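Structure, as structure tokens:
The values are calculated or read from the model by the stated rules, or taken from the named source; none is laboratory data. Small disclaimer: the values here were computed from a predicted structure and weren't measured. FYI the Cβ positions are ideal-geometry reconstructions off the backbone, even for glycines, and counts take in every protein chain you see.
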Amino acid sequence: MPPAHKGNSAITHYDILYRANDSADDYLPYRVAASYAGSGGVNLGVLSANTEYAIKVRAVNSDGVGRVSATRYLATAANP
């Protein structure tokens, strides 16, 4: 869903931010995993197995970055 307010310039891309969602990481910043301008999936890079991640998205245009989305929580599969 696109943001309600796009600012004065067109959106150029979206930043995908993530961090591990455990008590040890509560105060660590989110990492920018990717800048995404197309359609399809996004690879977040090397993630730990059997770990829940907090993921947010923010729009970027020539005026700067927008507010981050609500947090989504996704978990990786355990090692086989």
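Computed values, structure above
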{"quantity": "Looking only at the range 58-78, and only at residues there that are at pLDDT 90 or above and touching a Ser or Thr at 6+ places or on another chain (Cβ under 9 Å), the one that is surrounded by the most Cβ atoms within 10 Å (Cβ to Cβ)", "calculated": "76"}
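This table checks each residue for (1) basic (Lys, Arg); (2) in contact with a strand residue (DSSP E or B) (Cβ under 7 Å, 6 or more places away or on another chain); (3) at pLDDT 90 or above.
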{"position": "5", "(1), (2), (3)": "no, no, no"}
{"position": "35", "(1), (2), (3)": "no, yes, no"}
{"position": "47", "(1), (2), (3)": "no, yes, no"}
{"position": "56", "(1), (2), (3)": "yes, yes, no"}
{"position": "80", "(1), (2), (3)": "no, no, no"}
